[in-house]
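Every number here is computed from the coordinates shown, using simple stated rules; none is lab data. Everything numeric here is computed off the predicted structure, so don't read it as measured data. Reconstructed Cβ throughout: ideal geometry from the backbone, glycine too, with neighbour counts over all protein chains shown.
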Amino acid sequence: MNEDEINPDDDDAKQDNDSVEHDIKLLKCVKCGEYTLKDICPRCGEKAINPKPAKFSPEDRYGKYRRMMKKELEKEELQNV
Ligand SMILES: [Zn+2]
């Protein structure tokens, strides 16, 4: 089953998402702020956590972008008339 076929609108968002580094889990040291891919900071040995808030949702973000795009398009249409 291919969900992309069912919802072409969602497919657009996925293509945009590919250009973002969503595959890389970059963690940030809680102590010195060093960025690392490991759970432990290579610099000071403190634990590193995901600097992004847990509530962060890429889908929400793209929903927002899409709404902004739509607004811009509507504006242009009005100007062209
Ligand atoms: Zn550190």
Taking H as built 1.01 Å from N, whose amide H comes closer than 5 Å to the amide H of residue 40, not counting residues under 5 places away? 48
As a footprinting exposure proxy, order 41, 32 by other Cβ within 10 Å, with the fewest listed first. 32, 41
